[in-house]
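Let me begin by presenting the structure, written as structure tokens, before commenting on it.
The values are calculated or read from the model by the stated rules, or taken from the named source; none is laboratory data. Here the structure is a predicted model, which is why all the values come from computation and not from measurement. Glycine gets a Cβ as well: all are built from the backbone with ideal geometry, and neighbour counts include every protein chain shown.
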Amino acid sequence: MEFRELSDNEWEFIKPLLPPKARVGRPMADDKRVTNGIIHVLTTGCRWMDMPLKYGSYKTAWKRLKRWQAEGV
């Protein structure tokens, strides 16, 4: 299966489904960038640590996916 990043229209459809950002604390990594990283790993089947750096830290993407799964997102 071929990977392609989310278009702006696709992102506008997904964005409201995600939990809101916290008002306090350290700023979170950009949701769209992290989501593209998650989709890249799940589509290509690469290891998390082989996720391209342009999507941020693979640890952030993995933790975000696990948190969203636990929250039922």
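Of all residues in the stretch 46-57, those satisfying the criterion of being more than 22 Å from residue 10 (Cα to Cα) and either touching a Gly at 6+ places or on another chain (Cβ under 7 Å) or part of a loop (DSSP other than H, G, I, E, B) (or both) are 46, 47, 57. Among the residues of the stretch 16-34, just one is among the charged types (D, E, K, R), in contact (Cβ under 8 Å) with a residue 12 or more places away in the chain and assigned to a loop (DSSP other than H, G, I, E, B), namely 30. Considering the stretch 2-31, the residues that are surrounded by fewer than 10 Cβ atoms within 10 Å (Cβ to Cβ) and closer than 22 Å to residue 53 by Cα include one that is modelled with the lowest pLDDT, namely 2.
Residue check: is residue 45 touching a residue at least 24 places away in the same chain (Cβ under 8 Å) and of a type outside the set (Val, Ile, Thr)? Break it down into steps so the answer makes sense when it comes.
Details: touching a residue at least 24 places away in the same chain (Cβ under 8 Å): no; of a type outside the set (Val, Ile, Thr): yes.
Taking the combined requirement at face value, the residue does not satisfy it.
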